[in-house]
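Here the structure comes first, spelled out in structure tokens, and everything after it is commentary.
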Amino acid sequence: MALLPILEFPDPRLRTKAAPVTVFDTELEQLVSNMFETMYEAPGVGLAATQVDVHRQVLVMDMSEERSESHVLINPRILEKSGEQVYQEGCLSFPGIYADVERALRVKVAAQRVDGTPFELDVEGPLAVCIQHEMDHLVGKVFVDYLSPLKRSLLLKRMEKKRRQSA
Ligand code: NI
């Protein structure tokens, strides 16, 4: 396994649209295990392949305290969504900043496992937020896109300041 470098905003590669996965091989398994290692090490609760500069429709998540509920979604697509919720989101591509984003409360998603087996996932609450956030990455969208221009520029300034302080 290996840790992968995570792209940070405003890296233009974060705007890339990921292509569907068509080959389910050991290289894909390796990518998924490296993404888990990278996400757990960061630490984060979700990571899209886009964030590690691999532009294929792959995402990993684990929102459990014990790091025991891992999810891999290959080629995910939303079948149904309902309700709404506001949740404070962060992102490994935006170190140190958080913002409230409104999303669907519940989502039903179709995806494939790492071996290509199709499955469906019906979730609500924080995991539904995470899925929607990570799926956005696969189409080149990031969570600050949902904020007002003023809120966004304040947050990005704060992120730059923290980046300079830690440099
Ligand atoms: Ni993110």
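The values are calculated or read from the model by the stated rules, or taken from the named source; none is laboratory data. The shown structure was predicted, so the numbers you read here are calculated from the model rather than taken from an experiment. Because the Cβ atoms are built from the backbone with ideal geometry, glycine has one as well, and the counts that use them run over all protein chains shown. We work out accessible area using only protein heavy atoms, side chains counted, and drop any ligands, DNA or RNA first. Shrake-Rupley method; radii C 1.70, N 1.55, O 1.52, S 1.80 Å.
Scanning region 128-140 for residues that are crowded, with 18+ Cβ neighbours inside 10 Å and away from the ligand (no atom under 12 Å from the Cβ) gives a single hit, A128. Being touching a Phe, Trp or Tyr at 6+ places or on another chain (Cβ under 9 Å) and acidic (D, E) is a condition met by no residue of region 117-126.
What number of residues within region 112-127 are within 15 Å of the ligand (Cβ to nearest atom) and crowded, with 18+ Cβ neighbours inside 10 Å? Break it down into steps so the answer makes sense when it comes.
First, the residues of region 112-127 that are within 15 Å of the ligand (Cβ to nearest atom): 126-127.
When the remaining residues are screened for being crowded, with 18+ Cβ neighbours inside 10 Å, the result is 127.
Residues meeting the conditions: 1.
Specify which of the listed residues (G96, G125) is at pLDDT below 95, farther than 22 Å from V32 by Cα and not polar (S, T, N, Q).
Numbers: G125 fails: at pLDDT below 95.
Going through G96, G125 in turn, just one is at pLDDT below 95, farther than 22 Å from V32 by Cα and not polar (S, T, N, Q): G96.
Of V101, V109, all but one fail to be out of contact with any Ser or Thr (no Cβ under 8 Å at 6 or more places or on another chain), more than 16 Å from the ligand (Cβ to nearest atom) and not in a loop (DSSP other than H, G, I, E, B); the exception is V109.
Evaluate region 14-28: report whether one residue or more is in contact (Cβ under 8 Å) with a residue 24 or more places away in the chain, farther than 30 Å from L154 by Cβ and under 15 Å from the mean Cα position of the chain (by Cα). Outline the logic, then answer.
Within region 14-28, the subset in contact (Cβ under 8 Å) with a residue 24 or more places away in the chain is 14-21, 24, 28.
Keeping just the survivors that are farther than 30 Å from L154 by Cβ gives 19-21, 24, 28.
Then keep just the ones that are under 15 Å from the mean Cα position of the chain (by Cα); that gives none.
No.
If the condition is being within 16 Å of the ligand (Cβ to nearest atom) and assigned to a helix (DSSP H, G or I), then region 141-164 contributes F143, V144, D145, Y146, R152, L155, L156, M159. I'd like the full set of residues that are open to solvent by 30 Å² or more (accessible area, probe 1.4 Å) and within 13 Å of the ligand (Cβ to nearest atom), limited to region 23-48. Those that are open to solvent by 30 Å² or more (accessible area, probe 1.4 Å) and within 13 Å of the ligand (Cβ to nearest atom): A42, V45. When region 73-89 is filtered for residues that are without any contact (Cβ under 8 Å) to a residue 24 or more places away in the chain and within 16 Å of the ligand (Cβ to nearest atom), only Q88 remains. Of the residues D62, D53, D100, the single one that is open to solvent by less than 50 Å² (accessible area, probe 1.4 Å) and among the acidic types (D, E) is D62.
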